[in-house]
1. Taking A55 and the conditions (1) under 16 Å from V217 (Cβ atoms); (2) without any contact (Cβ under 8 Å) to a residue 12 or more places away in the chain; (3) hydrophobic (A, V, I, L, M, F, W, C), which numbered condition does it fall short on, given that it satisfies the others?
2. Looking only at residues in region 139-172 that are under 24 Å from H194 (Cβ atoms) and free of Cβ contacts under 8 Å to residues at least 12 places away in the same chain, which one is surrounded by the most Cβ atoms within 10 Å (Cβ to Cβ)?
3. For region 79-104, which residues satisfy the criterion of being assigned to a strand (DSSP E or B) and aliphatic (A, V, I, L, M)?
4. Restricting region 173-219 to residues that are among the small types (G, A, S) and outside any loop (DSSP other than H, G, I, E, B), which is surrounded by the fewest Cβ atoms within 10 Å (Cβ to Cβ)?
5. Go through region 47-101 and give me each residue that's small (G, A, S), at pLDDT 95 or above and more than 16 Å from T117 (Cα to Cα).
6. Residues in region 104-116: is at least one over 15 Å from W144 (Cβ atoms) and of a type in the set (S, T, Y)?
7. Out of everything in region 118-138 that is modelled with pLDDT of 95 or more and small (G, A, S), what residue ends up being surrounded by the fewest Cβ atoms within 10 Å (Cβ to Cβ)?
8. Which number in (1) among the charged types (D, E, K, R); (2) more than 25 Å from P90 (Cα to Cα); (3) touching a Ser or Thr at 6+ places or on another chain (Cβ under 6 Å) marks the one condition that R184 misses?
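The values are calculated or read from the model by the stated rules, or taken from the named source; none is laboratory data. Because the structure is predicted, anything quoted here is derived from the model rather than measured. Note: ideal-geometry Cβ built from the backbone for every residue, glycine included; neighbour counts use all protein chains shown.
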Amino acid sequence: MKKIASAFCTFSLFAIVACNNANENKTDATKTDTTASTTPAATEAAPPPPMDSAAMRKMWTELKTPGDMHKMLAKQDGTWDNEMTMWMEPGKPPQVSKSTSVNKMILGGRYQQSTYTGSMMGEPFEGIGTIGYDNFKKKFVSSWVDNGSTGIMNMEGNYDPAAKSITLTGTMADPATGKDCTMREVMTMTDDKHNTLEMYYTPAGGKEMKMFEIKSVKK
């Protein structure tokens with residue numbers, strides 16, 4: 001009993017001391033907070049002055065006006081015959097399918113819309129792509145939808161004049177892993193009548209692999 005009583009007394013003493021220390025710390029913190037509240041706030045940088053209406057109109061006009069990158073896309077307008085080679089599984093022969101696509105510049109030459117029709121894995125396939133050059137970002141931007149999913153894939157990237165190619169990257173949901181995967185698309189415009197599109201896929205935590213390649217010839 002003495003040991004229990006002694007232990008209880010020791011614990012009680014420890015609790016009282018701890019409580020007193022906590023109160024003292026609380027008081028000190030309150031004092032500190034009071035002192036801090038009376039300290040003048042640091043001077044913040046003033047926001048830039050608003051643009052006047054003339055400057056706003058000038059900037060808006062520059063950002064919405066199609067340029068050289070849009071003219072380059074316009075050269076790809078027309079009807080194309082496509083041959084797609086798709087690698088479904090490593091070590092197995094690829095599947096080859098045919099499709100037709102129609103490219104046309106829309107909205108005053110600001111974007112190019114591509115409509116695909118054909119077959120994939122023995123089923124009818126339809127897809128619509130939109131690509132443009134964002135004058136503000138200084139990048140190409142694109143979107144893609146098709147009848148093989150209910151999602152929208154968005155990508156953006158840059159043009160390499162030496163390779164005559166646009167490389168776009170983005171992410172999309174991967175049903176196989178339940179996580180987002182990285183997509184990389186390389187569109188090489190060999191000339192006004194020939195182009196090649198390559199699509200690469202990188203699963204979460206995995207290595208990049210080539211999904212498919214489309215070789216196109218303008219009619």
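1. Unmet for A55, out of (1) under 16 Å from V217 (Cβ atoms); (2) without any contact (Cβ under 8 Å) to a residue 12 or more places away in the chain; (3) hydrophobic (A, V, I, L, M, F, W, C): (1).
2. My answer is D160.
3. Those that are assigned to a strand (DSSP E or B) and aliphatic (A, V, I, L, M): M84, M86, V96, V102.
4. Ranking the candidates gives A173 first.
5. G67, A74 - these are the residues of region 47-101 that are small (G, A, S), at pLDDT 95 or above and more than 16 Å from T117 (Cα to Cα).
6. Going residue by residue through region 104-116, those that are over 15 Å from W144 (Cβ atoms) are 104-110.
Restricting the remaining residues to those that are of a type in the set (S, T, Y) gives none.
No - not one qualifying residue is present in region 104-116.
7. G127
8. If we test R184 against (1) among the charged types (D, E, K, R); (2) more than 25 Å from P90 (Cα to Cα); (3) touching a Ser or Thr at 6+ places or on another chain (Cβ under 6 Å), just (2) comes out false.
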